[in-house]
Amino acid sequence: MNVRYVQGYLSVVERRDLAAMVVPLGRALTEAELPILQAHGLTMWAYVVLSALREQPVRTQSALAATIGADKTRIIKVLDDLEARGLLERRPDPEDRRARLLSLTPEGRSLHADAQREIQRGERLLLDRLSEEDRRGFLRALQILSRPTDLSE
């Protein structure tokens, strides 16, 4: 336990702030993913789109944009590229002809699976530094903490 004085008072600092620990880890993971994605002809945004569509196979462009935290106009170029490459399809929503429904093609599903497999192979090197119990706890905690939330509550 670290002990220090703050404004003349004894302060106990048990750990660094979460952002101070998570942000450098996130940056390192992103840097490790980029060459893998590039080898598969994907940008980070394209991979995020494929991942979201894999989790929920049919989405509107607006719902997809909200889910991945992107402006819907920003992802149009990504969607155009993925569609042109035969990785996703857009079709009119039968309930709202103005909206488009998005879904992965078998080729898109396969490309995503290949890229994800390689990314997770690299992640195992990091996770292998933890015991099996710590690894399960860490992954479970990340799944819970990565759900959208409002930290101001």
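Since every read-out is calculated from the coordinates, none of them should be taken as a lab result. As the structure is a computational prediction, the values presented were derived from the model and not from experiment.
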Only one of the values [x] 9, 29, 30, 18, 8, 4, 1; [y] 12, 45, 36, 7, 0; [z] 10, 32, 30, 18, 8, 2, 0 was calculated from this structure for P(r) over Cα pairs in 10 Å bins from 0, in percent; name its label. [x]
List, in order, the whole-Hz ³J(HN,Hα) value for each residue of the stretch 36-43 obtained from phi through the Karplus relation with A = 6.51, B = -1.76, C = 1.60 and θ = phi - 60°; use x for Gly and Pro. 5, 4, 4, 5, 9, x, 10, 8
Please report the relative contact order for the chain, taking Cα pairs under 8 Å with a sequence separation of at least 6, and give it as a percent rounded to a whole number. 18
What ³J(HN,Hα) values, in whole Hz, does the Karplus curve 6.51 cos²θ - 1.76 cosθ + 1.60 give for the stretch 112-122 when θ = phi - 60°, with x put for Gly and Pro? 4, 4, 5, 5, 5, 4, 5, 4, 5, 4, x
So who's got an amide H within less than 5 Å of the one on residue 105, skipping anything under 5 residues away but keeping other chains? H placed 1.01 Å off N, in plane. 88, 89
The chain - mean residue ellipticity at 222 nm from DSSP helices (-39,500 (n - 2.57) per run, n ≥ 4, rounded to 500): -18500 deg cm²/dmol
